[in-house]
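Student: Pasting a structure here, questions to come.
What follows draws every value from the coordinates through simple rules; no lab data is involved. Computed from a predicted model, the values in this text were never measured in an experiment. In this analysis, Cβ positions are derived from the backbone assuming ideal geometry, glycine residues included, and neighbour counts consider all displayed protein chains.
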């Protein structure tokens, strides 16, 4: 007869109360994955620029479409969010920002900063680019 050993179950997402820090940690990972796919778009753009006007026109047609702009906007946000969230993690790696109010401030800073910087960067790009 085999005796069953009772071991504690590993805590899972249903066990914990969701916090902004927890959600932002998951979003940080997701934005890192999104950067891989966005970098393929960036590589496509660079290769087309080196391949000549016809290839470049194809990429420009895609990135000028609504879907293309939405993807590039998402890539911009993922890049800036991942940067700010990475800085937040770096501050933690240095041993700072673990008090509840500091943790919340860093988390809100990464969230609001990523969105704000993305919008600001796109506004600047439209002003400089003449709305193209």
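Student: Hey, fewest Cβ within 10 Å first, where do 123, 71, 115 land in order?
Tutor: Fewest to most other Cβ atoms nearby, the residues stand as 123, 115, 71.
Student: Treat the count of other C-beta atoms within 10 Å as a stand-in for reagent exposure and order 62, 37 from fewest to most.
Tutor: Lowest to highest Cβ neighbour count: 37, 62.
Student: Return the calculated 222 nm mean residue ellipticity for the chain, to the nearest 500 deg cm²/dmol, obtained by summing -39500 (n - 2.57) across DSSP H runs with n ≥ 4 and dividing by the residue count.
Tutor: Computed ellipticity for the chain at 222 nm equals -27500 deg cm²/dmol.
Student: If I fit a long axis through the Cα atoms of helix 100-129 and take the longest principal axis of the Cα atoms of the chain, what angle between them do I get, 0 to 90°, rounded to 10?
Tutor: The helix 100-129 is inclined about 10 degrees to the chain.
Student: In addition: Give the share of C-alpha pairs in each 10 angstrom bin for the chain, from 0 to the last occupied bin, in whole percents, shortest bins first.
Tutor: P(r) for the chain, in whole percents per bin: 11, 29, 27, 16, 11, 4, 2, 0.
Student: Taking the number of other C-beta atoms within 10 Å as the exposure measure, put 18, 108 in order starting with the fewest.
Tutor: Sorted ascending by nearby Cβ count, the order is 18, 108.
Student: Please give the helix 53-64 orientation as an angle from the longest Cα principal axis of the chain, in degrees from 0 to 90, rounded to the nearest 10.
Tutor: The angle comes out at about 50 degrees.
Student: Can you tell me the orientation of helix 66-93 relative to the chain, as the angle in degrees between its alpha-carbon axis and the longest Cα principal axis, to the nearest 10?
Tutor: Around 40 degrees separate the two axes.
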